[in-house]
Amino acid sequence: MDFNVKKLASDAGVFFTRAVQYTEEKLGQAEKTELDAHLENLIARADCTKNWTEKIFRQTEVLLQPNPIDQTGARIEEFVYEKLDKKLPSRTTNAELLGQYMQDAAKEFGPGTPYGSTLITVGEYQKRLGGAEREFLHTSAINFLTPLRNFLEGDWKTISKERRLLENRRLDLDVCKARLKKAKLAEAKAAAAPDFQETRPRNYVLSASASALWSEEVDKAEHELRLAQTEFDRQAEVTRLLLEGISSTHVNHLRCLHEFVEAQAAYYAECHKHMQDLQKELSSANGDTFPNAFAVNASTSGVSSGPTPLSTATLPGASSPSRPPNASNALESSTLKIEEVKPPATGTRKAKVLYDYDAADTSELSLLADELITVYTVPGMDPDWLIGERGNQKGKVPVTYLELLS
């Protein structure tokens, strides 16, 4: 291999002078050229952008791939396929794997049994949830993670490289300034008038020669300083242009953030729809055996201590629950005026009507099965009743005809 010894020696000398200048600056023994305020602000903003982009990127990866072991394996797999220039195969999600296990278990238990058939249904919806998750991960990786990674691995590396080059140019400039300062001090000392009584004639010649040499050294140092200043100014301008591009990076990341939020909203909406469909399917499929398997026990809500829909309708062929005792209606009607009742600031809940109900008087609210109403209680009410609201209509409703949802 052909080594350029002169270039190697020159580079080593430059590195040594830069190291000396940097050390003296840290020790306070040398002056340092400060960057202009605008460039300093751009550098601080760029550092802030890099640090927070890196944190957001890492945490988004954790959100999308929460298992560290799987995350490491996935990264290795992605790296291998990237190096082989091959398309990464779609990875099975945990929900899809759970759905497959449920369906395999149903084959063992018997698909015709209630448990087996339910496992098949739930397993199918788990696979749908897994498919939605995989699509969300794919969309988020393309629209959000990839732009952040491109900034950290591309634009930021270019900015860091130019900043390091700017720092080297600054050190070279300060070295030239220090060299010129020393040359001027030496020139002034050499040109100083000697003492005629103590200086021999021979020293006059030496002094004049030294003065000329230092004058040449000053001229050389000034020339090097001008070159170093030109290089520094040019590099500062290049770095400034790159740093001003951070504003464009923010705009791009803002657009990517909107796309990420839209992908999240679509994903959660699809999951919500799948779970609602699953609940409806399970309710209709198991209605004869478990007519209200998803009902909320009203006794645990703190608003009723009476019988619940589940306790009154667990036997096959059971009809709607009997009307709650209404002996206190006359007393309540005299003390509780429905039109004057106001919903509390907190404590209102949504409820699904399980059976049709015809109001016995004007203080009650008629109900239709499967409709949603808002319910709440007021002090002094019978625990078997709640206040129900549907639009502008309001009245008492029996707890046993409701499934409390929230």
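The values are calculated or read from the model by the stated rules, or taken from the named source; none is laboratory data. If you're wondering where the values come from, they're calculated on a predicted model, not measured in any experiment. Note: ideal-geometry Cβ built from the backbone for every residue, glycine included; neighbour counts use all protein chains shown. We work out accessible area using only protein heavy atoms, side chains counted, and drop any ligands, DNA or RNA first. Shrake-Rupley method; radii C 1.70, N 1.55, O 1.52, S 1.80 Å.
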Report summary line: Surpassing 22 Å at the alpha-carbon level, of the pairs 26/50; 50/177; 32/181; 342/396; 352/396; 177/220, are 26/50; 50/177
Query raised in the report: What is the log10 of I(q)/I(0) for the range 126-194, computed with the Debye formula using one identical point scatterer on each Cα and no solvent, at q = 0.12, 0.21, 0.25 Å⁻¹?
Result: -0.63, -0.90, -1.00
Report summary line: Counting Lys and Arg as +1 and Asp and Glu as -1 over every other residue whose Cβ sits under 13 Å from the Cβ of residue 372, the net charge comes to 0
Query raised in the report: Taking all pairs of different Cα atoms in the range 233-278, averaging 1/r and flipping that mean, what Kirkwood radius in angstroms comes out?
Result: 13.6 Å
**Report entry** Largest to smallest accessible area among 40, 133 [probe 1.4 Å]
**Finding:** 40, 133
Requested in this report: Would you please put 139-146, 262-269 in order of how densely packed they are, using the mean number of other Cβ atoms within 10 angstrom per residue and starting with the highest?
Outcome: 139-146, 262-269
